[in-house]
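K.L.:
The structure follows.
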Amino acid sequence: MAELRALVGVKRVIDYAVKIRVKPDKTGVVTDGVKHSMNPFCEIAVEEAVRLKEKKLVKEVIAVSCGPKQCQETLRTALAMGADRGIHVEVPESEAERLGPLQVSRVLTALAQKEKAGLVLLGKQAIDDDCNQTGQMTAAMLDWPQGTFASKLTLEGDKVTVEREIDGGLETIRLKLPAVVTADLRLNEPRYATLPNIMGTN
């Protein structure tokens, strides 16, 4: 499966270290002048895809981000980590706040088909809305098997084995590619994307 393409969703969120402030009119949170970064679970998904490429199990890693033009920074981080290409589906800032898992799933589904991806890797959830829906919806739209909350992932031929944490312990499932996998916290430790690498991507 050296021809396998991995599509990885990367979301721009308010940095996890920032103290969130609610807007005075209670319509949302203050985002102006607030530090944003890649969603931590998306970082884990990118790292896993890059590791699979380094093992020569994946041919190409394509990062995708939906949102305003600032999402290009998030894509640059993914490229600095080792992704081969970045696709920015630009959504005007005025509409980006209304962008939910359903809309993003539709975009990912269309891109997975267009790019002939065999593996879609996503973070299990985003730290801003905590929806935990995009992976499941994307798998349903593509009619692909899914492995959610992956704490270990193994690729062998046209099969992917996902170890996932459940309330009773660990569950291991085997999926036939193409498949959708969502990354949990213990899947890996993402590499640090250095500033020169981020600035050097375009």
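The values are calculated or read from the model by the stated rules, or taken from the named source; none is laboratory data. Being a predicted model, the structure only gives us computed values, none of them experimental. Quick reminder, even Gly has a Cβ in these numbers, built from the backbone with ideal geometry, and neighbours come from all protein chains shown. Surface accessibility is based on the protein's heavy atoms, side chains included, excluding ligands, DNA and RNA. Shrake-Rupley method; radii C 1.70, N 1.55, O 1.52, S 1.80 Å.
K.L.:
Please list, or write none, the aspartates and glutamates whose alpha carbon is within less than 18 Å of the alpha carbon of residue 23, excluding same-chain residues fewer than 8 places away.
P.N.:
15, 32, 93, 95, 97, 128, 129
K.L.:
Rounded to the nearest 10 degrees, what's the angle between the helix 71-81 long axis and the longest principal axis of the chain, both from Cα atoms, 0 to 90?
P.N.:
40
K.L.:
May I ask you to give the percent of accessible area on the chain that is carbon plus sulfur, with a probe radius of 1.4 Å?
P.N.:
The C+S portion of the solvent-accessible surface of the chain is 51 percent.
K.L.:
Counting only helical runs of four or more DSSP H residues, what would the 222 nm mean residue ellipticity of the chain come to if each run contributes -39,500 (n - 2.57) and the total is spread over all its residues?
P.N.:
-8500 deg cm²/dmol
K.L.:
On to the next question. Which residue, 34, 91, 22, tops the fluctuation ranking in a GNM of the chain built on C-alpha contacts under 10 Å?
P.N.:
Of 34, 91, 22, the Gaussian network model singles out 22 as fluctuating most.
K.L.:
Here's a follow-up. Just grab the label-to-label distance for residue 87 and residue 154, each label 7 Å out from Cα along the Cβ direction, in nm (one decimal).
P.N.:
Roughly 3.1 nm, to one decimal.
K.L.:
Enumerate by residue number the trypsin sites (Lys or Arg not before Pro) in the stretch 74-157 meeting two conditions: DSSP loop (anything except H, G, I, E, B), and at most 15 other Cβ atoms within 10 Å of the site's Cβ.
P.N.:
Sparse-neighbourhood loop trypsin sites (Lys or Arg not before Pro): 98, 116.
K.L.:
Taking only protein heavy atoms and a 1.4 Å probe, what accessible area per residue, in Å², does the stretch 1-154 have with all protein chains in place?
P.N.:
Per-residue accessible area for the stretch 1-154 comes out at 50 Å².
K.L.:
Another question about this same structure. Quick check: convex hull over the Cα atoms of the stretch 116-159, volume per residue in Å³, rounded to an integer?
P.N.:
Enclosed volume per residue, from the Cα hull, is 82 Å³.
K.L.:
Shifting gears a bit: Set the bar at 30 Å for Cα to Cα. Now go through 19/53; 69/114; 35/124 and name every pair that lies beyond it.
P.N.:
19/53
K.L.:
Mind checking the alpha-carbon convex hull of the chain and giving the volume per residue in Å³?
P.N.:
Roughly 124 Å³ of hull volume per residue.
K.L.:
I would also like to ask the following. Please list, or write none, the lysines whose alpha carbon is within less than 17 Å of the alpha carbon of residue 55, excluding same-chain residues fewer than 8 places away.
P.N.:
Output for residue 55: 152, 159.
K.L.:
At what distance in angstrom do the alpha carbon centres of the stretch 79-97 and the stretch 115-183 lie from each other?
P.N.:
Each part reduced to its Cα centre gives a spacing of 21 Å.
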